[in-house]
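Please read the structure below before turning to the comments.
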Amino acid sequence: APHGPTLYETAFLAGGPDRVADVTLVSMAQQRRLLLAHTGWATVVDPIGRDAVECAVLTAIGSDGQRRIPAIRNGLAATEALRSLTARLVAAGLAPSADPYGGLGEALRQVRAATLVVLLAAAAAVWQAPPERATGPLLGWFALPLVLTAGTWAMARAEYRPAARWATEAGAGRLRRAATSAPPAAPGEALTALALHGPRALDDPALRSALHSSGV
């Protein structure tokens, strides 16, 4: 929209489908239409959605009326409501049509694990070496693998920007404007802060606990 992205669009550009789910759950909880437990469970109180995304969240919760928040996030990501939201943002040039980082997150974890393996192997070699043997030459064998793994890890960390998975440069500009446009006392400011910054922006400790305990 010319005046700026909607709350759901802001949430998607800042944190993807999971952030959209969190904003919807918290919005419904604030209206007493859902209960969010600190253990990460959501329970339906009012089974009537007021827009397409709320209906999709209720569908993701299922007929039992209760489900863990991670499963709701996964269910919402596969709905037509989220596909439509994504398509609108892609068409507007605010979201990339494909994940620019692909499997970089998993690759980062693997490189970090390799770095730790090198360090553990070096420590084990020093520990098992005979007391009369100098440790300097022994540690030299691990220097090159450590430089390669740690250097690769550091460079990838510098390049990896998870937020760029969801927003193009134009989308990031919209987010920056959205972050500065709402006055502090504006209605729904807490939801806007959640959409932009995630659960850490919530003042309500019970809601923060519900979202964090669910693995966000």
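ARG73 fails exactly one of the following numbered conditions: (1) modelled with pLDDT of 90 or more; (2) basic (Lys, Arg); (3) open to solvent by 60 Å² or more (accessible area, probe 1.4 Å). What is the number of that condition?
Condition (3) is where ARG73 drops out.
If you go through the stretch 62-94, how many residues are touching a helix residue (DSSP H, G or I) at 6+ places or on another chain (Cβ under 6 Å) and farther than 19 Å from ALA14 by Cβ?
3
Please go through the stretch 119-138 and give me each residue that is of a type outside the set (Gly, Ala, Ser) and open to solvent by less than 80 Å² (accessible area, probe 1.4 Å), ordered by number.
VAL126, PRO130, THR135, LEU138
Any residue in the stretch 116-138 that's in the same structural domain as THR152 (by the TED database): show its pairings with residues that are not in a helix (DSSP H, G or I) at Cβ separation under 8 Å, as long as the two are six or more apart or on different chains.
From residues that are in the same structural domain as THR152 (by the TED database), the pairs are THR135/ALA129; LEU138/ALA129.
Going by what's in this entry, would ALA164 be described as part of a helix (DSSP H, G or I) and modelled with pLDDT under 80?
Details: part of a helix (DSSP H, G or I): yes; modelled with pLDDT under 80: yes.
When the stated conditions are applied, ALA164 passes them.
Return the residue satisfying two criteria in turn: it lies in the stretch 98-118 and is within 22 Å of ALA170 (Cβ to Cβ) and exposed (fewer than 11 other Cβ atoms within 10 Å of the Cβ), and of such residues it is modelled with the highest pLDDT.
Checking each candidate, the answer is ALA98.
Residues to consider are ARG50, ARG33, ARG83; find the one that is assigned by the TED database to the domain that holds LEU194, basic (Lys, Arg) and surrounded by 14 or more Cβ atoms within 10 Å (Cβ to Cβ). It would help to see each step written out before you state the result.
Numbers: ARG50 fails: surrounded by 14 or more Cβ atoms within 10 Å (Cβ to Cβ); ARG83 fails: surrounded by 14 or more Cβ atoms within 10 Å (Cβ to Cβ).
None of the other options fit; the residue is ARG33.
The values are calculated or read from the model by the stated rules, or taken from the named source; none is laboratory data. All figures in this text were calculated on a predicted structure; none of them were measured in a lab. As a convention, Cβ positions derive from the backbone with ideal geometry for all residues, glycine included, and neighbour counts pool all protein chains shown. The area values use the complete protein model at the heavy-atom level, side chains included, leaving out ligands, DNA and RNA. Shrake-Rupley method; radii C 1.70, N 1.55, O 1.52, S 1.80 Å.
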